[in-house]
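Only one structure is covered here, and it is reproduced in the block below.
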Amino acid sequence: MSLPVNSIKAVLFDLDGTLFDYDGSVTKALHGWLPELGVDPSDDVLELWRRLERKHYPAAHSGLISWSEHRRLRLREFLTALERPVDEPVLLEVFAGYLDRFEQSYRPYPDAARALNRVRAAGITTGILTNGSTGRQTGKLRGTGLLGLCDVVCASEDLGAAKPDPDAFLRACVRLGEVPGAVLMVGDNHEWDVLAARAAGLPALHLDRQGTHSGPDPYRISTLDELLISS
């Protein structure tokens, strides 16, 4: 999709699922970590891990539980479902083994650097708007070689607001020094990245890599290579 330079002054990218291959990184990490626990990384086991993440993420995201408790709950239920022993005092230590493997497995999407370079070459500011801790999200960008291609990194931890809260987008625009109407949001989550951005006054482009979103949206692409900047 071609964007007019005179109307777009900055592009905000979501991170996980947009620039950072979160699912691929998790899969690689689990294939390295689960055998250390004596668990076969079968498709069913991998889906169990992802299902428990989806189950407990909302409570941690909203602040109802800490991220440490989120990790304990996930691992406790995971091990219980697999009929593995649960040693409560060391759950976080065991989970840290997964996090180490995850950090070693960081991978960007192949089109991520190309898109960031293309936007910057057009003289447009690049920014990141992502939920999560500043250290971990910045670490993903650094580990994938994308950090140097991002002018501004906005993580919910330091913004004091998280997507889909409109304040997250508005505060990111302030960081970019642009009005919302001049900042394009690009993300894979139609509700949190796209609809929420539009509600805050930003134009938004939906990245549907798998082609699984059924709802109509004229502003949708299947790869970042379709994000074109032209005058």
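The values are calculated or read from the model by the stated rules, or taken from the named source; none is laboratory data. Keep in mind that what you see is a predicted model, and the values were worked out from it rather than measured. Positions of Cβ are backbone-derived with ideal geometry, glycine not excepted, and every protein chain shown enters the neighbour counts. To get the accessible areas, we keep the full protein, side chains included, count just its heavy atoms, and leave off ligands, DNA and RNA. Shrake-Rupley method; radii C 1.70, N 1.55, O 1.52, S 1.80 Å.
For the chain, the mean residue ellipticity at 222 nm estimated from helices alone is -13000 deg cm²/dmol, where every DSSP H run of n ≥ 4 contributes -39500 (n - 2.57) and the total is divided by all residues, rounded to the nearest 500.
How big is the charge dipole of the chain about its Cα centre, in debye rounded to the nearest 20, if each Lys and Arg gets +1 on its Cβ and each Asp and Glu gets -1 on its Cβ?
560
Solvent exposure of ILE229, expressed as accessible area, is near 30 Å², computed with a probe of 1.4 Å over the protein chains only. Remark: the GLU93-ALA199 segment gains 34.1 nm on full extension, using 0.36 nm per residue and subtracting the alpha carbon distance.
Please figure out what share of the DSSP beta bridges in the chain is antiparallel and state it in percent, rounded to the nearest 5.
5
Per residue, the chain exposes 46 Å² of accessible surface when a 1.4 Å probe is rolled over the protein heavy atoms with every protein chain present.
Near GLU47: Cβ cut-off under 11 Å, other residues only, Lys/Arg at +1 and Asp/Glu at -1. The net charge is 0.
Computed from label points 7 Å out along Cα-Cβ, the spacing between THR80 and HIS213 is 3.6 nm. Bridgeable lysines around LYS55 (alpha carbons under 28 Å apart, same-chain partners fewer than 8 residues away excluded): LYS28, LYS140, LYS163. Using the empirical formula 2.2 N^0.38 Å as the baseline, the Cα radius of gyration of the chain reaches a ratio of 1.07.
Computed from backbone phi with θ = phi - 60° and the Karplus coefficients 6.51, -1.76 and 1.60, the 3J(HN,Hα) list for the range 86-94 is 10, 9, 3, x, 10, 4, 5, 5, 5 Hz; x is used for glycine and proline. Rounded to the nearest Hz, the phi-derived 3J(HN,Hα) couplings of the range 42-58 under the Karplus curve 6.51 cos²θ - 1.76 cosθ + 1.60 (θ = phi - 60°) are 6, 4, 5, 5, 5, 5, 4, 4, 5, 5, 5, 5, 4, 5, 9, 4, x, where x marks glycine and proline.
Other residues lying with their Cβ under 13 Å from the Cβ of PRO89 contribute a combined charge of -1, Lys and Arg counting +1, Asp and Glu -1.
Would you please give the FRET efficiency between VAL39 and ARG136, computed as 1/(1 + (r/R0)^6) with r the Cβ-Cβ distance and R0 = 25 Å, to the nearest 0.05?
For R0 = 25 Å, the calculated efficiency reads 0.55.
Based on C-alpha pairs under 8 angstrom that are at least 6 apart in sequence, the chain has a relative contact order of 28 percent. Within the accessible area of the range 111-199, the carbon and sulfur atoms contribute 52%, probe 1.4 Å, all protein chains present.
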